[in-house]
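The values are calculated or read from the model by the stated rules, or taken from the named source; none is laboratory data. Source: prediction; values computed, not measured. Note that each Cβ is placed from the backbone with ideal geometry, even for glycine, and that neighbours are counted across all protein chains shown. Ligands, DNA and RNA are excluded from the accessible area calculation, which covers all protein heavy atoms including side chains. Shrake-Rupley method; radii C 1.70, N 1.55, O 1.52, S 1.80 Å.
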Amino acid sequence: QVQLVESGGGLVQPGGSLRLSCAASGNTVPITVMAWYRQAPEKERELVASIGRNRRTHFLDSVKGRFSISRDDAENTVYLQMDSLNSEDTAVYFCACLILNDVYWGQGTQVTVST
């Protein structure tokens with residue numbers, strides 16, 4: 001069993017920054033891909049960013065140049081640094097990890113960009 005615990009969400013003003021963290025525990029070896037998804041009200045969940053064990057990354061077009069993703073395999077943790085946030089980034093952000101052939105999800109953390 002694998003547990004994912006996210007942290008770092010909150011309320012931020014437009015143009016601000018937040019850093020999300022997601023720590024995996026349990027039977028986590030190996031974590032092939034670590035990723036962040038988000039879901040805004042009345043919208044489908046979308047992939048924001050992902051990072052493989054080889055550190056290859058993928059980003060949603062709308063966050064390129066503003067968000068970065070990194071992982072610490074020693075700590076089984078993935079980070080999402082979000083800069084230049086705008087109202088369209090408001091959503092619940094979910095951490096996801098691909099371990100062997102299974103995908104595990106965190107409980108989600110709310111990010112609200114507003115004045």
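May I ask you to verify whether Val48 is among the β-branched types (Val, Ile, Thr), assigned to a strand (DSSP E or B) and touching a helix residue (DSSP H, G or I) at 6+ places or on another chain (Cβ under 7 Å)? So Val48 passes the test.
Is it fair to say Tyr37 is free of Cβ contacts under 8 Å to residues at least 60 places away in the same chain, crowded, with 16+ Cβ neighbours inside 10 Å and within 15 Å of the chain's Cα centre (by Cα)? Judged against the criteria, Tyr37 is a match. Kindly indicate whether any position in segment 89-96 is modelled with pLDDT under 95 and under 22 Å from Gln1 (Cα atoms). No, that holds for no residue.
For segment 23-34, filtering for residues that are open to solvent by less than 70 Å² (accessible area, probe 1.4 Å) and part of a loop (DSSP other than H, G, I, E, B) leaves 2.
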